[in-house]
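Have a look at the structure below, then the notes.
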Amino acid sequence: MRHGDAPTRFVEANSVRYAYRRFGAAQGVPLVFLQHFTGGLDHWDPAVTDGLGRGRPVILFDNAGVGLSGGAVPPTIEAMAGHVAAFADALGLQRFDLLGFSMGGMVAQAYAKQHSDRLRRLILVGTGPRGGDPTPYQADVAKHARGNGNLDDFLFLFFGRSEAAVAAGKAFWDRRHQRTTNLDAPIRPESIVAQVAAARDWALPKGERFADLKAIAVPTLVVNGSEDVMIPTINSFYLQQHTPGAQLILYPDAGHASHFQYPSLFVEHAGLFLDSPPPGSLA
């Protein structure tokens, strides 16, 4: 079973019905994916999900109030992480890997701070820490984010500016839309408002700036493009510098969705990280 034909499934916890898809290898440590602002199950790149799914089970997850999941989007990132915990418990995931993209990467951080004992590996893509640097392109980002979600908006927000980067963005756009049946539901307006509130709260440091990252006691890979206009690339450096033992990869001529611009390379790098021996091992 692959990205394009995996059925949407549901599991309930604490009176919330969560939508998810599970596919890839039958055995191995599951890799749970957490999506970006307003994104759902259909916004992932099948080249990435199927690529990583060759070596492990892949689980795509709609958080509360997003897509086909029930409940309401909570107004903080930490509360969203609480739903990840409830979902993982409902599926019986005792130990798993976690990949978060953009807002999903914020949620992944919040989950890891509280539940590092449940995680084996953590991948943070195109994201930033609590209290990170804001984008200097706020007006342009807001204009394109408020657009119709068309290709031009997506290229500006997620990809590099060169001819090769634009071509890679268009190729991703085609891959993303290959699935035409059993689609996820679009995000609801009230859910977008709640996600904006959560992002604004995340922009404010609590206590000493970045000190909370020391609580992430799990091997971590941070990935971004060299020219992220959504969450400035410097934030990925902050994550690597303040998360114990974290590694950092920056892809050239790439924006917010560097893993979609370089899917084969990202799958190779992420696979190496996920399959590497535990820190301190002599293997």
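What helices (runs of 4 or more DSSP H) lie completely within the stretch 47-145 and have 3 or more residues being at pLDDT 95 or above and touching a strand residue (DSSP E or B) at 6+ places or on another chain (Cβ under 9 Å)?
77-91, 103-115
Among the aromatic types (Phe, Trp, Tyr), modelled with pLDDT under 95 and more than 21 Å from Ala108 (Cβ to Cβ): is that true of Phe172 in this structure?
Against the criterion (among the aromatic types (Phe, Trp, Tyr), modelled with pLDDT under 95 and more than 21 Å from Ala108 (Cβ to Cβ)), Phe172 does not qualify.
Of these, Tyr251, Tyr262, which one is hydroxyl-bearing (Ser, Thr, Tyr), modelled with pLDDT of 95 or more and in contact with a Gly (Cβ under 7 Å, 6 or more places away or on another chain)?
None of the other options fit; the residue is Tyr251.
Only residues that are in contact with a His (Cβ under 9 Å, 6 or more places away or on another chain) and crowded, with 19+ Cβ neighbours inside 10 Å: list them for the stretch 1-22, please.
Selection gives Tyr18, Arg21.
When you check Phe61 against the structure, is it out of contact with any helix residue (DSSP H, G or I) (no Cβ under 8 Å at 6 or more places or on another chain) and surrounded by 19 or more Cβ atoms within 10 Å (Cβ to Cβ), yes or no?
No: the conditions fail for Phe61.
Can you name the residue in the stretch 224-252 that is more than 17 Å from the chain's Cα centre (by Cα) and closer than 21 Å to Ala139 by Cβ and is also surrounded by the most Cβ atoms within 10 Å (Cβ to Cβ) among such residues?
Glu227
Among the residues of the stretch 1-26, what is the count of those that are within 23 Å of Met80 (Cβ to Cβ), touching a residue at least 24 places away in the same chain (Cβ under 8 Å), out of contact with any Leu (no Cβ under 7 Å at 6 or more places or on another chain) and among the basic types (Lys, Arg)?
Residues flagged as within 23 Å of Met80 (Cβ to Cβ), touching a residue at least 24 places away in the same chain (Cβ under 8 Å), out of contact with any Leu (no Cβ under 7 Å at 6 or more places or on another chain) and among the basic types (Lys, Arg) within the stretch 1-26 amount to 2.
Take Leu248 and decide whether it is touching a strand residue (DSSP E or B) at 6+ places or on another chain (Cβ under 8 Å), under 21 Å from Leu31 (Cα atoms) and in a strand (DSSP E or B).
In short, yes.
Tally up the residues in the stretch 59-97 that are without any contact (Cβ under 8 Å) to a residue 40 or more places away in the chain and within 19 Å of Phe10 (Cα to Cα), please.
Qualifying residue count, the stretch 59-97: 6.
The values are calculated or read from the model by the stated rules, or taken from the named source; none is laboratory data. Note that the structure is predicted; figures quoted are calculated from it, not measured. Every residue, glycine as well, gets a Cβ built from its backbone with ideal geometry; the counts of neighbours run over all protein chains shown.
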